[in-house]
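> Take a look at the following structure, please.
The values are calculated or read from the model by the stated rules, or taken from the named source; none is laboratory data. Only a predicted model underlies this, so the values are computations on that prediction, with no experimental measurement involved. When we count neighbours, we look across all protein chains shown, and the Cβ atoms used for this are built from the backbone with ideal geometry, even at glycine. Note: accessible area is taken over every heavy atom of the protein model, side chains too, but ligands, DNA and RNA are not part of it. Shrake-Rupley method; radii C 1.70, N 1.55, O 1.52, S 1.80 Å.
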Amino acid sequence: MQPEEKQTLLSEAGVLAGITASAYLIAFLYERSYLGYYAIPPAMVRIGPDLILLVVAALLGWAWLIPWIVQPLTVRWPDHPSLRNKATRVCGVTLVALWPVQYYGWGWWWIGSFPIIVFLFVTEILWPVIAYRKRGSLKQRLIAGEEESTLGFRIPDSFATLHRSIWLIAIASFLAYTSGRGVAYSQTEYLVVEAEPSVVVLRVYSDSVLCARFDPQTNVLDSTIQIRVIGQAPALIFKHATTGRLKQPVEKVTSKQPKPR
């Protein structure tokens, strides 16, 4: 095998390993956020291939949809191609930062989106204005920030690729985390145990079911998580129920293994 071929194989293997690790990380953040709303400990989070495919497919769908939403807004303005690229990028990241609005409305969630908005403003607006202050007008400074380098030399492609990859992973992680908690926050339909309608199913795994008792009057979850094993007698029978949005337990949740019957 030639050295060039060996280097190519190592590079492709590294890319594949990086994509796999990123997919696991993003899926874990989604599941951790979803179960974290119910105060379930991180040690009880399980990641399977089906969850990874579902989360990654949803994020890829958004990555395909965002340009279709943003590009029509920047067709006529700004007129300069470099500024148009910047405007598209800024609008796309802003939509990502505003993603939790559909779950929580306008409120405390700004704490999570604030770092993204600040970083976007600093890197896309403030830095070009300061670094290219000798260029003249604001428009000329922003154009110079897109077309020139303040470092005085060409940035290697590998570094630029790494920078874009880290930025994309950070955005995907933000979307996964906010989506997981948002789904749990807005969910109103659950499976409940037929014999105990006040016991709601929070997550079903291959060999166990995570359940919690809730108060039907206030919709407040109990502070204890029940782990019911699939396949043990008596058989578990569930039914679909519209419970309304469940509220987080007041006390800290502790996992408790029910005794076999």
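> Pick from region 67-89 the residues that are among the hydrophobic types (A, V, I, L, M, F, W, C) and open to solvent by less than 40 Å² (accessible area, probe 1.4 Å): which of them is farthest from the chain's Cα centre (by Cα)? Write out each step before concluding.
Step one: of region 67-89, the residues among the hydrophobic types (A, V, I, L, M, F, W, C) are 68-70, 73, 75, 77, 83, 87.
From what's left, open to solvent by less than 40 Å² (accessible area, probe 1.4 Å): 70, 83, 87.
Working: 70: 20, 83: 28, 87: 23 Å.
Restricting to residues being among the hydrophobic types (A, V, I, L, M, F, W, C) and open to solvent by less than 40 Å² (accessible area, probe 1.4 Å), the top hit is 83.
> Any residue in region 213-240 that's under 18 Å from residue 36 (Cβ atoms): show its pairings with residues that are part of a strand (DSSP E or B) and at pLDDT below 85 at Cβ separation under 7 Å, as long as the two are six or more apart or on different chains.
From residues that are under 18 Å from residue 36 (Cβ atoms), the pairs are 224/254; 224/256; 225/255; 225/256; 226/256; 227/255.
> Of everything in region 38-61, what is outside any helix (DSSP H, G or I) and closer than 11 Å to residue 26 by Cβ? Give them in sequence order.
Initial filter on region 38-61 (outside any helix (DSSP H, G or I)): 38-41, 45-48.
47 - this is the single residue of region 38-61 that is outside any helix (DSSP H, G or I) and closer than 11 Å to residue 26 by Cβ.
> Only one residue in 168, 210, 221 is open to solvent by 20 Å² or more (accessible area, probe 1.4 Å) and at negative phi. Which one? Can you show your working first?
Details: 210 fails: open to solvent by 20 Å² or more (accessible area, probe 1.4 Å); 221 fails: open to solvent by 20 Å² or more (accessible area, probe 1.4 Å).
Criteria check complete, one pass: 168.
Condition check ((1) of a type in the set (Gly, Ala, Ser); (2) touching a helix residue (DSSP H, G or I) at 6+ places or on another chain (Cβ under 9 Å); (3) in a helix (DSSP H, G or I); (4) at pLDDT 85 or above) across all residues:
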site	(1), (2), (3), (4)
90	no, yes, yes, yes
96	no, yes, yes, no
103	no, yes, yes, no
107	yes, no, no, no
120	no, yes, yes, no
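> For region 37-66, what are the residues that are in contact with a Gly (Cβ under 9 Å, 6 or more places away or on another chain) and open to solvent by 50 Å² or more (accessible area, probe 1.4 Å)?
Scanning region 37-66 gives a single hit, 42.
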